[in-house]
Amino acid sequence: GAGFETIELPSSIRHIGKAAFKDCVNLTKANLSAELLTLGDQAFCGCTKLEQADMYFGLEYLGSQAFAYCTSLKNVYIPATVEVMPGNPFQGCTGVESFDLDTDNVDFTIADGVLYDKLMYTLIYYPASLSAETFQIPNTVFEIGLGAFSGAKLKSVIMPEQITAIPAYAFDHSGLETITLHRNISSIGEHAFEGCANLNNVVIPNTATNIGNYAFAGCTGLSNFTFENVAEGGTPYTLGTNLFDGCTALTEMVMPNQMTNFTIPAYMFANTAITHAVIPAKFTSLNEEGVFYNCKQLESVIIEYKSLSSYLGKWYFYGCSKLKELTIPAGLDYPLGGYDSFAYCTALE
């Protein structure tokens with residue numbers, strides 16, 4: 001977060017630590033040491049004006065998200081000596097025009113412009129500069145790297161069935177319109193589809209029971225989303241916070257029949273267009289905060305759940321300015337409102 005525009009590192013520097021220059025938004029050029037061995041994870045993440053940071057022969061570790069969201073970066077070169085890339089170093093680098101891997105590198109390979117490990121087991125980086133609308137992940141691939149498709153122009157991706165997890169930031173802010181999740185998918189990482197403005201018609205198979213924070217947040221075109229029901233005795237869903245935060249086209253949602261502890265996560269429907277809500281009696285807690293935060297189209301809510309030891313979490317209906325009707329169960333033995341849980345509900349009758 002420092003304000004300098006350039007840095008000059010002496011040749012004695014061998015290692016740059018994690019997030020060392022993160023969010024230096026005025027930085028335009030970084031003269032890296034020719035003796036550098038390690039460039040840490042997120043080292044220059046968020047340096048949006050960074051145009052040049054040359055990496056030299058000798059670099060061995062190129063960190064995950066090392067240049068993430070460096071949107072002014074135009075040319076990328078990976079030296080022959082790089083042995084380890086734990087995730088996409090160039091996540092969200094939408095300005096990259098040319099991408100090269102040294103031909104003498106024995107640990108990684110490029111096929112059709114896409115970066116993989118040498119055996120093509122892991123897809124590490126799909127450059128945003130590629131113009132294809134559809135991409136079929138090769139059948140050799142077992143794993144997608146963190147942030148691999150971030151910012152890509154792709155409209156659809158076909159995944160082989162041996163891929164079992166979608167990692168964090170995998171497709172964030174990409175042009176993705178459709179995604180088919182096969183039944184071997186067991187988890188979806190945090191921010192995996194965040195900001196995919198064109199994504200719609202998503203079906204979550206009941207095998208994908210772990211979904212991370214913000215996984216679909218900011219998907220402004222998302223109007224049709226379905227959870228498959230879980231079979232009796234099956235693994236219940238565990239859902240992260242802010243799951244649909246900012247999905248402004250989302251007007252309805254049928255919750256899965258099984259969730260861990262039957263609790264709606266914090267801010268799950270915040271800033272969506274949900275119009276009516278029913279909170280079932282089977283839920284074990286209403287304590288999570290901000291579940292319907294700023295849902296300005298929400299008009300009515302029915303709470304079937306009642307308990308002797310729980311109450312609404314703070315900011316539960318905060319800013320729901322069209323909320324007119326609230327139905328609660330008889331015999332309620334606890335205070336309904338938490339901190340500011342009905343603040344600015346100006347239409348409540």
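The values are calculated or read from the model by the stated rules, or taken from the named source; none is laboratory data. Fair warning: this is a prediction, and the values are worked out from it, not measured in the lab. Using ideal geometry, Cβ is built from the backbone for each residue, glycine included, and neighbour counts are taken over all protein chains shown. Heads up: the accessible areas ignore ligands, DNA and RNA and are worked out on the full protein's heavy atoms, side chains in. Shrake-Rupley method; radii C 1.70, N 1.55, O 1.52, S 1.80 Å.
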request  = Work from the charge dipole of the chain (Cβ charges, +1 for Lys and Arg, -1 for Asp and Glu, about the Cα centre) and give the residue of Val291, Ala68, Thr81 farthest towards its positive end.
outcome  = Val291
ask   = Across region 132-145, in residue order, what do the Karplus-derived ³J(HN,Hα) couplings come to in whole Hz, using 6.51 cos²θ - 1.76 cosθ + 1.60 with θ = phi - 60° and x for Gly and Pro?
value = 4, 8, 10, 9, 9, 5, x, 5, 6, 7, 10, 8, 9, x
Inter-label distance, nm, simple model (7 Å from Cα along the C-beta direction), His15/Asn224 = 5.2 nm
query = Can you work out ³J(HN,Hα) from phi for every residue in region 14-27, in order, using Karplus 6.51 cos²θ - 1.76 cosθ + 1.60 and θ = phi - 60°, giving whole Hz and x for Gly and Pro?
reply = 9, 9, 10, x, 4, 6, 4, 10, 4, 6, 7, 6, 9, 5
ask   = Between Glu177 and Ile328, how many nm apart are label points set 7 Å from Cα along the C-beta direction?
value = 4.7 nm
query = Can you list the residues, at least 5 places off or on another chain, whose amide H is less than 5 Å from the amide H of Leu32, using H built in the peptide plane?
reply = Asp54
task = Multiply the residue separation of Leu119 and Ser131 by 0.36 nm, subtract the distance between their alpha-carbon atoms, and state the gained length in nm to one decimal.
result = 1.8 nm
Across Lys49/Lys155; Lys22/Lys153; Lys18/Lys118; Lys29/Lys74; Lys29/Lys49; Lys74/Lys155, pairs whose alpha-carbon gap is larger than 18 Å = Lys49/Lys155; Lys22/Lys153; Lys18/Lys118; Lys74/Lys155
ask   = What's the Kirkwood radius of region 62-203 in Å, using all Cα pairs?
value = 15.0 Å
task = Give the cross-link partners of Lys282 among the aspartates and glutamates, using a straight C-alpha distance below 13 Å as the criterion and excluding same-chain residues fewer than 8 apart.
result = Glu304
message = Computing the accessible area with a 1.4 Å probe over protein heavy atoms, can you report the carbon and sulfur percentage for the chain?
response = 49 percent
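Would you mind getting the Kirkwood hydrodynamic radius of region 123-262 from its Cα pairs, rounded to one decimal in Å?
Result for region 123-262, one decimal place: 15.0 Å.
Can you tell me the order of 323-331, 246-254 when each peptide is scored by its average per-residue count of other Cβ atoms within 10 angstrom, highest first? Intermediate results must be reported in sequence, preceding the final value.
Working: 323-331: 12.4, 246-254: 17.2.
Result, highest mean first: 246-254, 323-331.
Please state the relative contact order of region 29-153 as a whole percent: Cα pairs under 8 Å, 6+ residues apart? Please report the intermediate quantities before stating the final value.
On the way: 325 pairs, mean separation 24.6, N = 125.
Reported relative contact order: 20 percent.
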